[in-house]
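J.: Sending over a structure as C-alpha cells; questions will come in a sec.
The values are calculated or read from the model by the stated rules, or taken from the named source; none is laboratory data. Bear in mind that the values here come from a model prediction, so they are computed numbers and not experimental data. Note that we place each Cβ from the backbone using ideal geometry, even for glycine, and neighbour counts take in every protein chain shown.
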Amino acid sequence: MIFFLINLILCVGLILFSVQIDAQTSLDDVKNKKSRPLVDMILWLVVTSVFFLIVFASTYFGNTQLVNLCGKVVLFSLVVFVSCFFLFAVSFPDFSKNKLYNIIQVVISLFGVFVISKLDLFSFDLKNSIIIHGEKEAFLGFNWLQVYNAVFFFLIPILSLVILFFRHVGKRNRIYIQQVWLFVASILTGCILFNLLLRAAKYVPMYSSLFILPLMVSLLLISQAMKLSVIIDMSTIIKEITLFSVKYIFSAVIVGLIFALMLPFKTQKPGLFWGVFILGTSIVELLQYLATERVKKMKLSSTNAYEDMLESKFSQFDYNQEPETLISDFVSLMKEFTETTHVEIMLETESGVIKSVYTSEMTASKEIPQNASIIASLSGITSSIIFRQQAATQHEFSSFKNNLVELFENLKSDAIIVLREGRHMFGFISLGAKRRGNDFSDYDKKVFSNLYSYFFLFGFYMKNIANQSIVGTVDREIQFSSQIIRSIQENVDVVKVPSVDVGYISQSARSLGGDFIDFIRLNENRYMMIMGDVSGKGLNASMSMVILKSIIRTFLAETGDFKELIEKVNHFIKYNLPRGTFFAGLFTLFDFTTNTMYYANCGLPVLFLYTESYNNVIEIQGDGKVLGFMKKISNVIKVKKIKLNPGDIVLACTDGLLDSESLRGEMYGKDRVQKLILDNKTYDSSRLVKFLFDDMLHFTSRDLQDDVTAVALRMLKV
C-alpha cells in the first residue's frame, strides 16, 4: 500500500509540474511556432504514471488482462517519452519545428510499438513487483525485452546526449554550453538514482515500482537548467551543493541511522524507541537548521568576490567634485573590479535623445531616440541588469530579442545596467567583454542588483546636475542640485476633495536633505500620504529620498494591499539602497467617502489628532519599526484605523522639529506642538504648519538644525 501511495504522490506532483511548465511556455511557443519537447516529456511521463497507477489498482482486483494491457501502454508511453527527449536534444535551444525531426520521432514510436508487440506478457504483483515476459529471441541471441531496454534506455538516450553535446561545443554562447553540461548532469543524476533503486530492489522488489522517480528528478533538473540565463561561477555551485547536502542528505542519513540503530527496540520497548527517535530527529533538525544558516552566510574565497570593496568605494564618492573626475573614478572602479574592457555611459538629453556622454574607447558618439522601439521595450520590463547571453535565452526579452541583440552588437557590450525613474528609462551604463574572456556570471548580476542604487545615483547626478556640462564647460554648484531635488520633492498630487483642507511644509537644514512628503491620488476620494525622513545628510540622503519616492509609486501600481506595500518598501530599502539606510516615516490611506484614515507608523516620532468634540489633542502613534533594518517586518507593522469627523485635525511631523534645541539646550518637544495646535485650530492647514515652523525657528533663534517636515489635514464642515 505504501508504494501505491508514493506513486500516487509522484503522479499528482507530475500533473502539477506539467501545468506549471505548460503555463510558462505555451503562449510564447504558440506565437513563435515552436515545438515543446520538454512539455511533451512531462505530459508523457504523466501518462506513464497514470497508467501505472491503473496497473496497481488492477492488481488489487486480480484483473490480469487489464494489468497486461495497461502495462504495455506504460511501456509505449516510455518509448514516446524517449522520442521526445531525442527531439529535445536535436532542436535545443531554438526548438523550431522540423518535419525531419517529427518523422524520426514517429519512426521511433512505431518501432517501439513493434517491439512491445513481441513481448509476451506484462504482469505485476505486490511481492515481485514488475515482471515482463519477453524471452522470444529477436536477433544475435538477444530477446525482445533486451532489445527494448537497449534501444530505448541506452542507444537513443546516449545518441541524444552526444548530438546535444557536439552541436554546442565550441560555440560562443556559453549559456547554452552551461545548460548542456547541466542537462548531462541531470541525466546522470537520474541514472544514478535508477541504479540505486535497482540495487535496493534486490532486497525489496517493490522498489522497482518507483521507476518514475528517477525520470521525474531528471526532468525537474532539466527544467531548472532551462531557466538559467547567466553563467554560474564555481563558488556558487560549491555553495549550492554544500547547502543541498547539509539541508537534505545530512538530515536524511542521520535520521536513517537513528532509526536503524533503534529498530531492535521497536517491538520490545516501543516507548524507548519512539522517545529516542523523536528526540534524536529534533536534535538533527536543529543542527541542520543551524548548519544551513551558516552555509547561507558563507563567503567562499574567490577572486570574483568584490561586492563589499566596490560598495565601499562607491559610498566614498564625493559628488561635489567635477563630473570628469567622478566619471574617471567610476570607470576605473568598474574596470578594476568587473574586469570589463570598456565602459560607456549613455544618458537622456534635454531633447529626449539618449546619447553617449562618455566612452572609454575611441569610437563615434552614439544616439538613440526616446521613441525607438528598443527604448520602449526596455522601459516596459522589470529587469535593470541585462547580460548579452540573456538576450537569446531569457523569456522576458523574447518579444524584442532581435532588437536587444542588435543593441548589444552596436555598443560592443556584454552587460547593460538600465537607469530608470519609475518606468521612465533615462539612460544606461554599458560594459564591454571581460579581459580574460570570461562571461558576466550570476555573481556579477547579484552584485549589480545589490549596488543598483549607486548606479542610479551616479546616473541621476550626471543627467540632472552635471547635465550637458559633462566635460566641465558649465559651473555646477551644489545649489543647482538642490533645485532639482526640490522640484522632485514638490511633485505631489494635490488633494482636491471639498471636505478636506491640507497643508504641509518641508525644509532642509542644508541645501539638500532626506525628508520628503508625497500625496498620491488613487481615485477622486482616496489618497495615499507618505511622509518621513531618510537617514543621512546631503546629496546621498536626497538621492535616496528621490529613489524611494519613485519606487513607492511603482509599488502602488503593483499592489493594492496597504501592508504589503510597506513590506515591499522595507525590502527595497534594505537590499537596494546604500547599506545602513533606513526610513522613519508614516504611511496613511485616506478614504474620504467614509472619512476614514488607515495608518501605519514606521518610526515617525509624533502623530497628533485634534478632536473638536473633546477640544483636545491626543497622540495616535500606532506601533511600528523604522524601515530598512529588518528582513521581514510584517509581524511588527500594525495598520490602524480611525474615523475622522468635521473639525478634526491630523498633524504629523518629523524628528527634525521635535528635536530642535534652543540656545540653552532645551528641545522643542511635543508639548509645544500640542499647544500650538490648540491655539491655532481655527486657521487653515497651510497657516497652521507655517505657524508651527515659524514658532520652532523663533525657539531655536532662526537656527534650522535638521530637516523639518510637517503636514496638517483638517476635515471641513460642509
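J.: Kindly indicate which of 330, 400 is assigned to a helix (DSSP H, G or I), touching a helix residue (DSSP H, G or I) at 6+ places or on another chain (Cβ under 7 Å), farther than 30 Å from residue 226 by Cβ and in contact (Cβ under 8 Å) with a residue 24 or more places away in the chain.
T.: Just one listed residue meets the conditions, 330.
J.: A further question on this structure: Could we say that residue 554 is among the polar types (S, T, N, Q), more than 30 Å from residue 688 (Cα to Cα) and at pLDDT 80 or above here?
T.: no
J.: Is the stretch 671-681 home to any residue that is at pLDDT below 90, surrounded by 15 or more Cβ atoms within 10 Å (Cβ to Cβ) and farther than 12 Å from residue 610 by Cα?
T.: No - not one qualifying residue is present in the stretch 671-681.
J.: Sticking with this structure for a sec: Take the stretch 691-718 and flag every residue that is basic (Lys, Arg) and at pLDDT below 90.
T.: 702, 717
J.: Within the stretch 557-583, restricting attention to residues that are crowded, with 21+ Cβ neighbours inside 10 Å and of a type in the set (A, V, I, L, M), which residue is modelled with the lowest pLDDT?
T.: Once the filter is applied, the top-ranked residue is 577.
So that you can scan it fast, the table gives a plain yes or no per residue for (1) in the same structural domain as residue 586 (by TED's automatic domain parsing); (2) in contact with a Gly (Cβ under 8 Å, 6 or more places away or on another chain); (3) on the phi > 0 side of the Ramachandran plot:
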site	(1), (2), (3)
653	yes, no, no
665	yes, no, yes
676	yes, no, no
680	yes, no, no
683	yes, no, no
686	yes, yes, no
691	yes, no, no
694	yes, no, no
710	yes, no, no
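J.: Going by what's in this entry, would residue 71 be described as under 22 Å from residue 155 (Cα atoms), assigned to a helix (DSSP H, G or I), touching a helix residue (DSSP H, G or I) at 6+ places or on another chain (Cβ under 6 Å) and assigned by TED's automatic domain parsing to the domain that holds residue 181?
T.: Judged against the criteria, residue 71 is not a match.
J.: Same structure again: Within the stretch 77-87, is there a residue that is in a helix (DSSP H, G or I), of a type outside the set (Ser, Thr, Tyr) and in contact with an Asp or Glu (Cβ under 6 Å, 6 or more places away or on another chain)?
T.: Yes, there is a match, as at least one residue in the stretch 77-87 is in a helix (DSSP H, G or I), of a type outside the set (Ser, Thr, Tyr) and in contact with an Asp or Glu (Cβ under 6 Å, 6 or more places away or on another chain).
J.: Still on this structure, please answer the following. Just give me the residues in the stretch 590-634 being assigned to a loop (DSSP other than H, G, I, E, B) and among the small types (Gly, Ala, Ser), in sequence order.
T.: Correct list: 613, 622, 624, 628, 634.
J.: Restricting to the stretch 618-655, and then to whatever is in contact with a helix residue (DSSP H, G or I) (Cβ under 9 Å, 6 or more places away or on another chain) and small (Gly, Ala, Ser), can you tell me which residue is modelled with the lowest pLDDT?
T.: In this case the residue turns out to be 624.
J.: Could you grab me the full set of residues in the stretch 333-359 that are free of Cβ contacts under 8 Å to residues at least 40 places away in the same chain and closer than 22 Å to residue 439 by Cβ?
T.: Hits for the stretch 333-359 are 333, 335, 336, 337, 359.
J.: Ok, one more. Do we have residue 207 as at pLDDT 75 or above, in the same structural domain as residue 13 (by TED's automatic domain parsing) and outside any helix (DSSP H, G or I) here?
T.: The answer is no for residue 207.
J.: Sticking with this structure for a sec: Working carefully through the options 213, 219, find the one that is modelled with pLDDT of 80 or more, over 30 Å from residue 441 (Cβ atoms) and not aromatic (Phe, Trp, Tyr).
T.: 213
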